[in-house]
Amino acid sequence: LLYSLLVGQTYGFVYSQQEALYYALYNEVTEAKSLLEQISLVSRGRSILYPRLLKDMSNYVRQDLCSLRKDPAILLSARPVD
């Protein structure tokens, strides 16, 4: 009985961590899409600025959003890096 309670608690904790990670990822992707739309509006007519901003956005997506190869528990417990 004690074992089943412990396993149930652990499963609930791990599930809530994974759910929080997916919600955070969804919010981050939503913000990235909004930022991309803003980049296209702000840099309209600025041929020098637009490729640079797209390159920076691509780097952000590649380095930050695609770094989910790490353990989700480590990602959630890590401090944000500015």
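Every number here is computed from the coordinates shown, using simple stated rules; none is lab data. What you are looking at is a predicted structure, and each value in this text was computed from that prediction instead of being measured. Backbone-built Cβ (ideal geometry, glycine too); neighbour counts: all protein chains shown.
With all pairs of separate Cα atoms included, the chain yields a Kirkwood hydrodynamic radius of 15.5 Å.
Quick one: go through the range 7-36 and flag any residue whose amide nitrogen is under 15 Å from the point 7 Å out along the Cα-to-Cβ line of Leu54. Label zone hits: 36. Taking a sphere under 15 Å around the Cβ of Leu54 and counting the other residues whose Cβ falls inside, with K and R at +1 and D and E at -1, yields a net charge of +4.
Positive end of the dipole of the chain (Cβ unit charges, origin at the Cα centre): among Tyr11, Tyr23, Ser40, the Cα lying farthest that way belongs to Ser40. Over the residues of the chain, the helix contribution to mean residue ellipticity at 222 nm works out to -24500 deg cm²/dmol, using -39500 (n - 2.57) for each DSSP H run of at least 4.
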